[in-house]
Amino acid sequence: MLFANHEPMGIALLGLNGKDQPMMEMFLKRYWSTQCIVVPDHLAKLCILDLDGIEGNRLLEKQQSEYNDRPLIVLSVHDMSIDGVRVLRKPLRTELLKQTIDVCRSEILQDCIRIEKSKPEAERIIRVSPTTKPAKQQGLASEWQYQSSGENKRRLSVPSAASQARFIESTCGKSNRKENDQPVIGKKSVFYNHESNFQVILKNAIEISRSNRKPAHLVFQDGKSITILPNANQCLNAISDSKLKPRCLLKLNTDQVKVVSSDYSESQLLLSCDTNPQSLDALLWKVSLWSSRGRLPIGTVEDVNIGIRQWPNLTRMMAIPEFIRIAALWSKNPISLAKTVEFLRIETGYVYAFFSACHAMGLIQFHSSYQQHSNQTDQLSTGVVKTGFLRRILRRLQSM
Amino acid sequence: MSEHKIIFTGPVGAGKTTAISVLSDIVPITTDEMASDMTKDLKQQTTVAMDYGLMRINESERVHLYGTPGQERFNFMWEVLTQGGLGLVLLIDNSRKEPFQDLYFFLDAFKSFIHRTAISIGITRMDEKSHPEIDDYHREITAMGWPVLPIMEVDAREKEDMSMLVQSLLYTIDPTVAE
């Protein structure tokens, strides 16, 4: 379908001479980049026709007879009007051409929505899930905000020290620096049961949705829903952070959250919603952090060395500078959780929260032997000469 | 005066000039010229020698930010630019036709510098074209035999993104650095 998975809109260029054709292509590329591409006539959703060429009139007749419903922009040096056709007078004004193409794109989009909505499947999805259409986001979490631009992908720095402390507490748990100078993994309170909370329900729903390649709705008892769009790797989240966070700490059963498969296409869901889509990975990441609150998933083994398969996409996820340090360490040399705390001299909760989120994302690599890391960590420790100025540069960057 | 250097590289239009300008404390010095080759389809102006920005750490320390010219024919400059650098920030434009080719090219071109220092990779223009995804880049890097490297989606215009990318570079050099 048009625009599905950011599919570009096809435009046919007809009647343009060898010099004008590449210029028009460059113009389209410049303003719409990948959103519009030049395609053959029969694949196009929009046609731009130069009427002044030798074949101009014949091409116009063909368009009117064969593609009567398709938007058509005609370019000509003559002042004229043609029924149902947008005529732009040469020499072309780029701003006017741009506006005209934008109007056509918008009309095509509206047509698509109308056609899709008129399909019988629409009734079914509405009956199955009355809350399919995600509600507008109800404000922003006070301690962590997202910019509305860039499809809600942007992460912003924490606004104040107090809110930063609240954010850290909600993701990494309460600070217990003194108590945890020597972390004790055996303590019961260090673990949480991720198998019975929202984190695992979300993770399973994402996995099923991805394997079926079909959207799914996670519908809470109160009717609020999260729609998973597996192909776009995005979600439509109708639940604000402040309401989602407490749900991550509750034990939930299948009556409280239902996973409903959707027969709507992703593009239909995207077009019909008024919520900005969010990254699926970023959602699972933050849900894992809120579930963890500085604790470990139950069953985590103490002495296993840990590495990461790949860095989390931290610019698009909730993160504190310590997460970058842990990622940097684990990407270089596998090391146990306790040694990580000791080596980096950071709060245990930061390490546990980061581990939990990476674990949920499938980024963790376990190494059974307690090997080699000492050599590498020794090497790192010898970098004392560099440490001073690196620290100062980092401080400068973090204050930006 | 203690001087340090961070190198920014990547293909034409990936955002090197912009990235340096958001991090720099001075108005960046660029040597942009009107493009006269195939670059002109992508940018009206392109960097033919280098970009230069400066971060003042304190009265006696500065970090110089150098951007390489994106066009391959200027790569005789790269060796000169990387001398004494702390590490490399590679920006890849995801909207280009073959971003993996760019990745291979720049990793290979700066291989010895990366092995001596560190690298962090920022993928730009993912809002314009979402594929390949970050996971795909990680797979390519692994397939090429590189270790786990920091790869993140960035908007070169956003200070927070560029700050985090450079932080990941510096922490890769030494994760033990703390406040």
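Taken together, the values in this text are just the output of simple stated rules run on the coordinates, not laboratory data. Computed from a prediction, not measured in an experiment: that's the story for all the values here. Heads up, the Cβs are rebuilt from the backbone with ideal geometry, glycines too, and the neighbour counts pull from every protein chain shown.
Assorted remarks:
- Value of Rg to Rh for the range A:278-331 (Rh from inverse mean 1/r over Cα pairs, i.e. Kirkwood): 0.96
- Over 21 Å [Cα-Cα, the range A:4-117], rounded percent: 33
- Our summary gives the range A:4-117 a relative contact order of 22 percent, counting only alpha carbon pairs under 8 angstrom and 6 or more residues apart.
- Under 5 Å, built H, 5+ apart or other chain: amide partners of residue A:9: A:36, A:37
- Estimated FRET transfer efficiency (residue A:193, residue B:178; beta-carbon r; R0 25 Å; 0.05): 0.15
- Distance between the modelled labels on residue A:62 and residue A:391, one decimal in nanometres: 7.4 nm (7 Å Cα→Cβ projection).
- Sequence of A:20, A:50, A:102 once ranked by neighbouring C-beta atoms within 10 Å, starting from the fewest: A:102, A:20, A:50
- Distance in nm between pseudo-label sites at residue A:207 and residue A:99 (7 Å out along the Cβ direction from Cα): 5.4
- Among the listed pairs A:29/A:90; A:98/B:16; A:339/B:111, those whose Cα-Cα separation exceeds 25 Å are A:98/B:16; A:339/B:111.
- Residue A:19/residue B:146 FRET efficiency (R0 41 Å; Cβ-Cβ; nearest 0.05): 0.35
- Distance violations [Cα-Cα > 22 Å] among A:174/A:286; A:224/B:129; A:203/A:332; A:251/A:286: A:224/B:129; A:203/A:332
- Nearest-20 debye value, the range A:184-289 charge dipole, Cβ charges on Lys, Arg, Asp, Glu: 440
- Taking amide H as placed 1.01 Å from N in the peptide plane, the amide H of residue A:336 sits under 5 Å from that of A:306, each at least 5 places away or on another chain.
- Within-10-Å neighbourhood charge of residue B:125 [Cβ basis; K, R +1; D, E -1]: -3
- Going from the residue with the fewest nearby Cβ atoms within 10 Å to the one with the most, A:285, B:78, B:146 rank B:146, B:78, A:285.
- Rounded to 0.05, the FRET efficiency of the residue B:56 and residue A:165 pair, given R0 = 22 Å and the Cβ-Cβ distance, is 0.15.
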